[in-house]
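Participant: One structure, pasted below without further comment.
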Amino acid sequence: MDYTNRAKVYNIYRKADYRLTNKIIELLSLEKNSIIADIGAGTGNYSLEIRNQGYNVIAIEPSRQMIEECVDKKLVYINSPAEYIALDDNTIDGAIIINAIHHFKDIYSSLREIRRIIKSGMLLIFTFDPKICSKLWLYEYWPYSRMYLNKFYMDINELKDIVSQICETKVEEIAFDIPIDLKILFHQHFGDVQIYCLKMSGG
């Protein structure tokens, strides 16, 4: 995907929402100053929010254009894809992927890399379930959204099986109800749906 133009407007429609930020921190259940990797961080909006609550955040992002649009140049970035993360083994305490896993070129390699760098914490994956989106009445009226979901987003059960297989752990599915005024503009594209959090015990 060409991020040249997308990066310029990313901070407008991908703002961090405090409710999702708080949910992430709650589920990670890590001590302050723990190291958290934000995989596919984009312009770093959630990385900054989590860092500002007392955590050490490393933003992993393959697009230089996205990194250049980050509003805080002090945010620690690693310019690399999820398939190859330039960190040593057992470097981080937890990892998050916020609506980015559908951009990974190789989900198997990506998950192996993430598992490699996590000490014993959690991996949280926030993503859409295409089946739920397809039940919305407006789904039929937005053919582009329907095509996008079906092309890029994996069935949630298939994703859970892959995570469980690669990470050798049980995966917990947690529904997150999207508030109508969520700052990250999911609902403008997919309606009032749910995001699923796949909670993985590391180690």
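Participant: If you scan region 19-49, which residues turn out to be farther than 22 Å from Val171 by Cα, buried (at least 22 other Cβ atoms within 10 Å of the Cβ) and either over 14 Å from the mean Cα position of the chain (by Cα) or not polar (S, T, N, Q) (or both)?
Facilitator: Result: Ala41, Gly42, Gly44, Tyr46.
Participant: For the subset of region 51-65 comprising residues that are assigned to a helix (DSSP H, G or I) and without any contact (Cβ under 8 Å) to a residue 40 or more places away in the chain, which member is least open to solvent (accessible area, probe 1.4 Å)?
Facilitator: Applying the first criterion (assigned to a helix (DSSP H, G or I)) to region 51-65 yields 51, 64-65.
The next check asks that each one be without any contact (Cβ under 8 Å) to a residue 40 or more places away in the chain; those that pass are 51, 64.
Working: Arg51: 71, Arg64: 155 Å².
The extreme case among them is Arg51.
Participant: Turning to a different aspect of this structure: Scan Leu87, Leu30, Leu75 and give me the residue that is farther than 19 Å from Ile118 by Cβ, in contact with a strand residue (DSSP E or B) (Cβ under 8 Å, 6 or more places away or on another chain), aliphatic (A, V, I, L, M) and touching a residue at least 12 places away in the same chain (Cβ under 8 Å). Please lay out each step first, then the result.
Facilitator: Working: Leu87 fails: farther than 19 Å from Ile118 by Cβ; Leu30 fails: farther than 19 Å from Ile118 by Cβ.
Checking each option against the conditions leaves just Leu75.
Participant: Next question. So is Ile96 of a type in the set (A, V, I, L, M, F, W, C), buried (at least 16 other Cβ atoms within 10 Å of the Cβ), at pLDDT 90 or above and within 12 Å of the chain's Cα centre (by Cα) or not?
Facilitator: Values: of a type in the set (A, V, I, L, M, F, W, C): yes; buried (at least 16 other Cβ atoms within 10 Å of the Cβ): yes; at pLDDT 90 or above: yes; within 12 Å of the chain's Cα centre (by Cα): yes.
The answer is yes for Ile96.
Rundown of residues vs (1) buried (at least 18 other Cβ atoms within 10 Å of the Cβ); (2) part of a strand (DSSP E or B), yes/no style:
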{"position": "Ile67", "(1), (2)": "yes, no"}
{"position": "Asp72", "(1), (2)": "no, no"}
{"position": "Tyr77", "(1), (2)": "yes, yes"}
{"position": "Ser80", "(1), (2)": "no, no"}
{"position": "Ser120", "(1), (2)": "no, no"}
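Participant: I'm trying to understand the selection: among the residues of region 20-41, which are in a loop (DSSP other than H, G, I, E, B) and within 15 Å of Val76 (Cβ to Cβ)? Steps first, answer last, please.
Facilitator: The initial filter retains those residues of region 20-41 that are in a loop (DSSP other than H, G, I, E, B), namely 29-34, 40-41.
The answer is Asn33, Ser34, Ala41.
The values are calculated or read from the model by the stated rules, or taken from the named source; none is laboratory data. Values in this document were obtained by computation on a predicted structure and should not be read as measured data. Cβ coordinates were reconstructed from backbone atoms using ideal geometry, including for glycine residues, and neighbour counts include every protein chain displayed. When the accessible area is computed, the model is the full protein with side chains, heavy atoms only, and any ligands, DNA or RNA have been set aside. Shrake-Rupley method; radii C 1.70, N 1.55, O 1.52, S 1.80 Å.
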